[in-house]
């Protein structure tokens with residue numbers, strides 16, 4: 001019974017009354033390779049629909065099921081005590097642009113190409129890929145392109161693995177992209193050297209700052225120089241804000257990282273104590289895969305970067321996160337490979353499983369640097385259970401360029417975090433320069449709300465989210481931007497507060513989660529961005 005056949009869809013079935021309920025604890029609603037025959041609706045001349053239970057959160061908890069639209073209608077009618085929720089997906093909240101459309105070839109050139117091909121065909125020439133055919137007017141028929149060389153600013157060493165994204169029309173995401181090889185060179189196809197480029201982003205490999213240019217051409221960008229990152233640089237924003245916190249900040253506190261997995265072998269992340277692979281599709285047929293909480297094979301660096309912001313120890317490199325004394329747990333919800341069609345998001349079912357596990361494993365704080373999906377009752381119910389257990393849930397507000405706060409951060413139970421930056425904490429040529437926008441801070445006008453950050457009345461705090469340097473898989477470090485980066489800085493600061501306040505630790509349940517949130521908000525300093533951009537402000541010691 002495939003999700004791609006017969007219009008099958010995936011849903012979460014749960015009780016309308018509570019997260020755990022006895023009616024869900026029956027044999028027919030336990031995971032199985034078989035199918036359940038559902039009741040046929042009156043006036044529907046069709047065979048009885050079927051449903052398959054794929055996974056379950058506890059024997060008497062929410063079920064991940066697969067059925068067709070008729071099955072969903074039948075179950076809704078025959079079981080009014082159940083709530084049927086579509087499976088939805090949330091995404092990493094980092095800022096990373098991609099090309100969606102290739103540049104259009106000029107109309108005159110398209111006509112010339114057709115004429116040239118027709119002439120060549122009459123002469124018996126091979127036209128499928130004839131190379132560089134010359135027109136009578138001297139116009140080249142082949143697609144134009146140009147090469148870009150990326151080197152280190154010091155010494156000129158070629159840099160491989162730099163991803164170049166050049167937009168001719170940024171709003172339409174039209175342009176070309178390519179990645180440099182070992183020789184530091186990349187070819188941008190379908191663009192001419194003198195063509196106007198509205199924006200160019202270079203996403204650097206570990207160890208280097210990225211690069212940004214606006215209103216330029218390929219000729220001007222023939223060679224791009226990347227600046228190396230110094231993790232001990234005192235002007236790094238995380239260091240400016242939290243570098244004076246104690247080296248043992250957060251001791252005795254456990255933070256759960258619900259993300260793309262964490263590299264616990266990184267020298268600066270020796271405080272990762274374990275975790276769980278919560279991706280149901282990977283674990284269902286291979287229970288041993290539950291221990292694969294390491295970075296996902298696709299875009300897995302996100303979770304390791306987030307973890308380093310919360311609690312990078314700095315013992316090896318000199319880099320440190322906000323609360324180096326914390327224990328970290330990794331709950332992977334992003335899959336190794338995108339689900340068809342190209343869905344690399346995290347399922348709400350897997351997120352709920354991660355929240356449940358984090359609570360069961362005594363996490364004090366949960367960080368969720370994800371969002372962008374629709375509001376859903378399952379994620380909210382799981383968050384409610386975490387809050388009731390005394391856990392504080394910190395979530396990224398989203399990177400939709402000043403759109404409303406995304407879910408799950410928009411749930412009032414979460415600490416919703418926007419992203420701010422500071423001019424001077426990153427090189428002028430880095431990608432962070434593209435994120436500088438109003439509103440600016442007052443009296444510190446070098447502070448700003450990131451151009452990508454969402455905003456709204458749900459915002460509780462702001463946090464450092466522009467060009468934040470942190471750990472990457474292996475032994476390296478790099479800079480990323482997004483509310484994904486601001487969120488763990490706030491989570492780390494909350495861990496610092498919980499560890500140092502003896503009055504908070506004995507509290508339990510909602511009293512504890514409420515008290516910790518109150519303590520966090522009391523430490524916030526307004527940047528004067530405005531209420532909907534910063535909430536209570538920026539948490540500072």
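For this structure, a couple of remarks:
- Considering the conditions (1) assigned by TED's automatic domain parsing to the domain that holds residue 262; (2) in contact with a strand residue (DSSP E or B) (Cβ under 9 Å, 6 or more places away or on another chain), residue 529 is excluded by exactly one of them, (1).
- Residue check, residue 333 in contact with a strand residue (DSSP E or B) (Cβ under 6 Å, 6 or more places away or on another chain), surrounded by fewer than 19 Cβ atoms within 10 Å (Cβ to Cβ), on the phi < 0 side of the Ramachandran plot and in the same structural domain as residue 496 (by TED's automatic domain parsing): no
- Selection within the range 157-192 - more than 26 Å from the chain's Cα centre (by Cα), on the phi > 0 side of the Ramachandran plot and free of Cβ contacts under 8 Å to residues at least 60 places away in the same chain: 184
- Residue check, residue 325 assigned to a loop (DSSP other than H, G, I, E, B) and surrounded by fewer than 19 Cβ atoms within 10 Å (Cβ to Cβ): no
- Within the range 311-328, not a single residue is under 15 Å from the mean Cα position of the chain (by Cα) and either free of Cβ contacts under 8 Å to residues at least 60 places away in the same chain or more than 25 Å from residue 384 (Cα to Cα) (or both).
- Of the strands (runs of 3 or more DSSP E) that lie entirely inside the range 7-83, not one contains 3 or more residues that are surrounded by fewer than 18 Cβ atoms within 10 Å (Cβ to Cβ), in the same structural domain as residue 339 (by TED's automatic domain parsing) and touching a residue at least 12 places away in the same chain (Cβ under 8 Å).
- Filtering the range 295-310 to residues that are within 15 Å of residue 476 (Cα to Cα) and either in contact with a helix residue (DSSP H, G or I) (Cβ under 6 Å, 6 or more places away or on another chain) or not in a helix (DSSP H, G or I) (or both) leaves 295, 300, 306, 309.
- Among the candidates 442, 470, 433, residue that is within 24 Å of residue 302 (Cα to Cα) and more than 17 Å from the chain's Cα centre (by Cα): 433
- Within the range 280-294, being assigned to a loop (DSSP other than H, G, I, E, B) and closer than 22 Å to residue 474 by Cβ holds for 292, 293, 294.
- Residue within the range 203-217 that is assigned to a loop (DSSP other than H, G, I, E, B), in contact (Cβ under 8 Å) with a residue 40 or more places away in the chain, surrounded by fewer than 16 Cβ atoms within 10 Å (Cβ to Cβ) and not assigned by TED's automatic domain parsing to the domain that holds residue 424 present: no
- The residue pairs whose first member lies in the range 407-419 and is on the phi < 0 side of the Ramachandran plot, whose second member is at pLDDT below 95 and in a strand (DSSP E or B), and whose beta carbons are closer than 9 Å, counting only pairs six or more residues apart or on different chains, are 407/373; 408/373.
The values are calculated or read from the model by the stated rules, or taken from the named source; none is laboratory data. Predicted model only: the values in this text are computed from it and were never measured. No Cβ is skipped: glycine too gets one built from the backbone with ideal geometry, and neighbour counts run over all protein chains shown.
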